[in-house]
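The values are calculated or read from the model by the stated rules, or taken from the named source; none is laboratory data. What you see is a predicted model; the values in this text were computed from it and never measured. Heads up, the Cβs are rebuilt from the backbone with ideal geometry, glycines too, and the neighbour counts pull from every protein chain shown. Just so you know, the surface numbers come from the protein's heavy atoms only, side chains and all, with ligands and any DNA or RNA stripped out. Shrake-Rupley method; radii C 1.70, N 1.55, O 1.52, S 1.80 Å.
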Amino acid sequence: MSDSTKQKAREKLFAITKKIGYPDKWRDYSHVTIVRNKYFENVVSAAANNFQYKLAKLGKPVDKTEWFTTPSTVTAYNNPYANEIVFPAGILQSPYFDNNADDALNYGGIGMVIGHELTHTFDDQGAQFDKDGNVKNWWTPKDYEKFKAITQQVIDLYNKFTVLDSIHVKGALTVGENTADISGVAVALDAFKMTEQGQDTTRIGGFTPIQRFFFSVARIWRVKMKDEYLRYWVNNDPHSPPMWRVNGPLMNTPAFYSAFNVKPGEMMYLDNDKQIKIW
């Protein structure tokens, strides 16, 4: 980014609304009827309530306090239309965050997720919205072309990744999430290095703070799924399969190489000139 684009990016960054834990105004579910052993009726009741909830919004101003997920849901999201990032209570628990854990684990866990959501503000989609959530170009043409060239590198790299031996990750489908993953790890690692533990070398369990940071990045994406679902995932989900949400970003993180002495010829090695640095 040139100085003029960076200034717009900073304005957008500082204008982000942060929603953490739970909403100030709780949604009313009193009209939903739940009866044991009546699954279909329960679904219909919930759907009818949701329809009325949406219908009631007609003709009214946008409610900027609204959440698009429940507090108990294990997720996080970036909403470019409102320039907001949201972290429900459901994700603010282990393995993402543990108040009793050391900084390495928390920065590699929830820190990576926070960095990921922040980066969505400037990814291939977020870059199209200004600080107020309007579709508006705020990049210089030259800067945006350079950005598109880097995201093309992300697409090309992830196209090479395979699952189930022969199925390839779809780089174009997942480019936004992959961009946020690569940059999310970088942001979290930079933040961790500013902490006391991040500047220390004291080992815990035989591992350095930086190694524990990377262990935590891997730990939050531990997922088991059937091969049939994995095939569906690759073709339909804008996120890469969990394995590549770990290996992809770490292959592009120089500190990972020094932390684990990764050598040429090993599976997670990329030549220095092929490692992608987005920001």
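Here are the numbers for the structure shown:
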quantity: Some residue of region 128-142 being hydroxyl-bearing (Ser, Thr, Tyr), within 15 Å of Met251 (Cβ to Cβ) and in contact with a Ser or Thr (Cβ under 7 Å, 6 or more places away or on another chain); calculated: no
quantity: Long-range neighbours under 7 Å by Cβ, at least six apart or interchain, first residue more than 24 Å from Lys160 (Cβ to Cβ) within region 207-235, second β-branched (Val, Ile, Thr); calculated: Thr208/Thr201; Arg212/Ile204
quantity: Cβ-Cβ under 7 Å pairs, at least 6 apart or on other chains, region 147-166 side without any contact (Cβ under 8 Å) to a residue 12 or more places away in the chain and closer than 19 Å to Arg245 by Cβ, far side open to solvent by 50 Å² or more (accessible area, probe 1.4 Å) and not small (Gly, Ala, Ser); calculated: Thr162/His168
quantity: Failed item, numbered, when Lys142 is tested on (1) surrounded by 20 or more Cβ atoms within 10 Å (Cβ to Cβ); (2) in contact (Cβ under 8 Å) with a residue 40 or more places away in the chain; calculated: (1)
quantity: Check on Pro264, open to solvent by 50 Å² or more (accessible area, probe 1.4 Å), touching an Asp or Glu at 6+ places or on another chain (Cβ under 8 Å) and without any contact (Cβ under 8 Å) to a residue 60 or more places away in the chain; calculated: yes
quantity: Matching residues in region 9-37 - criterion: being open to solvent by 100 Å² or more (accessible area, probe 1.4 Å) and either more than 20 Å from Pro71 (Cα to Cα) or among the β-branched types (Val, Ile, Thr) (or both); calculated: Arg10, Phe14, Ile20, Ile34, Arg36, Asn37
quantity: Test: residue in region 77-93 that is out of contact with any strand residue (DSSP E or B) (no Cβ under 9 Å at 6 or more places or on another chain), modelled with pLDDT of 95 or more and open to solvent by 30 Å² or more (accessible area, probe 1.4 Å); calculated: yes
quantity: Failed criterion for Asn78 (all others in (1) over 17 Å from the mean Cα position of the chain (by Cα); (2) closer than 21 Å to Thr119 by Cα hold); calculated: (1)
quantity: Within region 145-176, tally of residues that are among the basic types (Lys, Arg) and either surrounded by 18 or more Cβ atoms within 10 Å (Cβ to Cβ) or not in a helix (DSSP H, G or I) (or both); calculated: 2
quantity: Qualifying residue in region 177-198 (condition: assigned to a loop (DSSP other than H, G, I, E, B) and open to solvent by less than 10 Å² (accessible area, probe 1.4 Å)); calculated: no
quantity: Test: residue in region 238-261 that is free of Cβ contacts under 8 Å to residues at least 60 places away in the same chain, in contact with a helix residue (DSSP H, G or I) (Cβ under 6 Å, 6 or more places away or on another chain) and farther than 26 Å from Ile85 by Cβ; calculated: yes
quantity: Some residue of region 110-131 being modelled with pLDDT of 95 or more, open to solvent by less than 30 Å² (accessible area, probe 1.4 Å), part of a helix (DSSP H, G or I) and of a type in the set (S, T, N, Q); calculated: no
quantity: Residue in region 54-64 that is open to solvent by 50 Å² or more (accessible area, probe 1.4 Å) and under 22 Å from the mean Cα position of the chain (by Cα) present; calculated: yes
